[in-house]
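Everything below concerns the one structure shown next.
The values are calculated or read from the model by the stated rules, or taken from the named source; none is laboratory data. From a predicted model like this one, the values you see are computed outputs, not experimental measurements. Cβ placement follows ideal geometry from the backbone for every residue including glycine, while neighbour counts extend to all protein chains displayed. These area figures cover heavy atoms from the full protein model, side chains too; ligands, DNA and RNA do not enter into them. Shrake-Rupley method; radii C 1.70, N 1.55, O 1.52, S 1.80 Å.
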Amino acid sequence: MKSFSLELLPHETMYSYMVRSRFSSAEPSTRTCLKELVGNAHCQLHSSFPCYIPHVAEESGRNVTWLVDNHTIFPYFSSFLPPEIQEQSRMGLLRGQVKELPSRLSLIANRIYQPCILKYCPRCVNNDLKSFGVAYWHVIHQLPFIQFCPIHAVVLANEPVKRRTLILPPQARCSKLNGPIPSEKELLFTSISQGLLIKGIPRFNLSRVTESYKAALQLSGFCTHSGTIHQSDWAASLQTFWKYGLPSELSTSLFKDRAKLNFPKCVLYQPNALHHPVKHILLIGQLFGSLNEFLRCYRDESFIFTQYVNDNLERKPRVPNQKLQRLQKELGQGKSLRQASKNAQVSVGYAKSFALKNCFEIDRRAQRLFAGERKLILDRLKEGVETKGIANEIQCSVGAVEQLLTQHPEIKQLRVKLRFINKRNKHRKAILKFLDYSTAAKRNDIKTSCGAAYTWCYKNDKNWLYKMLPEAIPREERYRGR
């Protein structure tokens, strides 16, 4: 096998290095050259995860790990991988066993179409020719869906990839250096993508990433204190935010057809699934405005997220401040609830709740509920009894019970916790009952037979669920028999 004698240029892709090695070879054909270089005449040179890295490392005396980290885009994909998947993927790449890598990284399952092209920056081409005498393919330009050079903010030119035709960027100075000016969102997308590649982030804790997203959503008005997310509002805001910052093929993959039913909620409700990094990039850009702000938020143990939330993100309060100020002014002038709610354009019920919480004196009709009845209602509410059941017991309207509940927000929080505990116990009992009946059941059997309980526990009680589930089938064995 022939030794690699060419110098590997800074942040050069492995494909570019192999092409330059072929062009400098005296072999009459590409097949013969490949057989000499890597021992395989039919090796696919252009790949995000090339199989010939171990051969290059061995023949050139370079460290194989250094080649993977500095001359491939694997670091871009590895940051959001679970630890076991990251380790398996890295070891496969280091050993040249990359056949199952796209499946292991779920690149096909994500259904994000990416054209097979090579990209270059005209200014980088000129700099390469001046410094090294040859223009080559840069790793950073091959990041998925970036359209501008992160260094020069120049639109990237592209060349279609053909299996048998080996190509390099133009080997003459580029005269056309001006092009479309990138928008703020295009630069933001490029900057975050670049950061994932070069910042040396070892791996994110996916649970903490999800908590960071939810905290930012809560401060932005898209998530309630109980963790419920306004899915449609958030998805619409995300699509509007990136409307002019994404290439058409990516926008179509994420926001059109079936994909719009799953993204972005899939990132939060399936945190341990293998999501394409571009999905995280879009969320980070919308919620935090930069990768650095997200990292500061992610590493902040106190979870004080106020300073990290993107100030340009549109807030979604329940009632706008203008209406609240108008309502407060109307009530302060002594107007009736009906008149104040009409002028402030809020419901009478909300106006009454606001007045009671802020100690405004209002004219109220004679109440059926006396002090003893109110105390009994509060006791029942603390026990978690449904408002309809309390109303039937006291012989009053459900509205009267709910109105009393709005005056005690601490009881509302207690009832949320009680409902959660009751629901958790219900689903735990269903899974335990099935496990007692089917002692040899596999995970998929439990998921099929106890679908609702399994899904709820996976989202809300994962630690307990994984303790109860049987051992997972090793990933290597899942591919056997295919």
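For region 194-215, filtered to residues that are among the hydrophobic types (A, V, I, L, M, F, W, C) and assigned to a helix (DSSP H, G or I), the residue that is farthest from the chain's Cα centre (by Cα) is 198.
Of all residues in region 125-145, those satisfying the criterion of being outside any strand (DSSP E or B), touching a strand residue (DSSP E or B) at 6+ places or on another chain (Cβ under 8 Å) and touching a residue at least 40 places away in the same chain (Cβ under 8 Å) are 136, 137, 139, 142. Check whether at least one residue in region 54-65 is surrounded by 21 or more Cβ atoms within 10 Å (Cβ to Cβ), part of a helix (DSSP H, G or I) and at pLDDT below 90, and report yes or no. Scanning region 54-65 turns up at least one residue that is surrounded by 21 or more Cβ atoms within 10 Å (Cβ to Cβ), part of a helix (DSSP H, G or I) and at pLDDT below 90. With respect to (1) on the phi > 0 side of the Ramachandran plot; (2) under 27 Å from the mean Cα position of the chain (by Cα), the lone exception for residue 191 is condition (1). Out of all the residues in region 154-172, is one or more part of a loop (DSSP other than H, G, I, E, B), on the phi > 0 side of the Ramachandran plot and exposed (fewer than 14 other Cβ atoms within 10 Å of the Cβ)? Within region 154-172, none of the residues are part of a loop (DSSP other than H, G, I, E, B), on the phi > 0 side of the Ramachandran plot and exposed (fewer than 14 other Cβ atoms within 10 Å of the Cβ). Looking only at residues of region 76-98 that are in a helix (DSSP H, G or I) and open to solvent by less than 20 Å² (accessible area, probe 1.4 Å), we find that the one that is farthest from residue 13 (Cα to Cα) is 85. Output the residues belonging to region 34-87 that are more than 30 Å from the chain's Cα centre (by Cα) and closer than 23 Å to residue 115 by Cβ. Across region 34-87, the qualifying residues are 43, 44, 45. In region 395-434, the residue that is surrounded by the fewest Cβ atoms within 10 Å (Cβ to Cβ) out of those that are farther than 22 Å from residue 354 by Cβ and modelled with pLDDT under 85 is 395. Residues that are open to solvent by 70 Å² or more (accessible area, probe 1.4 Å), outside any loop (DSSP other than H, G, I, E, B) and farther than 23 Å from residue 293 by Cα within region 216-251 comprise 232, 248, listed in sequence order. Of 454, 350, 437, all but one fail to be surrounded by fewer than 15 Cβ atoms within 10 Å (Cβ to Cβ) and hydroxyl-bearing (Ser, Thr, Tyr); the exception is 437. Cβ-Cβ distances below 6 Å connect the following pairs, each with a first residue in region 392-420 that is in contact (Cβ under 8 Å) with a residue 12 or more places away in the chain and part of a helix (DSSP H, G or I), a second residue that is open to solvent by 70 Å² or more (accessible area, probe 1.4 Å) and among the polar types (S, T, N, Q), and a separation of six or more residues or different chains: 416/226. Per the listing 101, 118, 129, 105, the residue uniquely closer than 17 Å to residue 11 by Cβ, under 28 Å from the mean Cα position of the chain (by Cα) and not aromatic (Phe, Trp, Tyr) is 118. With respect to the stated conditions, residue 356 is closer than 30 Å to residue 334 by Cα, touching a residue at least 40 places away in the same chain (Cβ under 8 Å) and open to solvent by less than 60 Å² (accessible area, probe 1.4 Å).
Tallying residues that are within 19 Å of residue 408 (Cα to Cα) and either part of a helix (DSSP H, G or I) or hydroxyl-bearing (Ser, Thr, Tyr) (or both) within region 321-364 yields 10.
Residue 75 satisfies every condition listed in (1) under 30 Å from residue 246 (Cβ atoms); (2) modelled with pLDDT under 85 except (2).
With respect to the conditions (1) touching a helix residue (DSSP H, G or I) at 6+ places or on another chain (Cβ under 8 Å); (2) at pLDDT below 80; (3) open to solvent by 70 Å² or more (accessible area, probe 1.4 Å), residue 369 lacks only one, and its number is (3).
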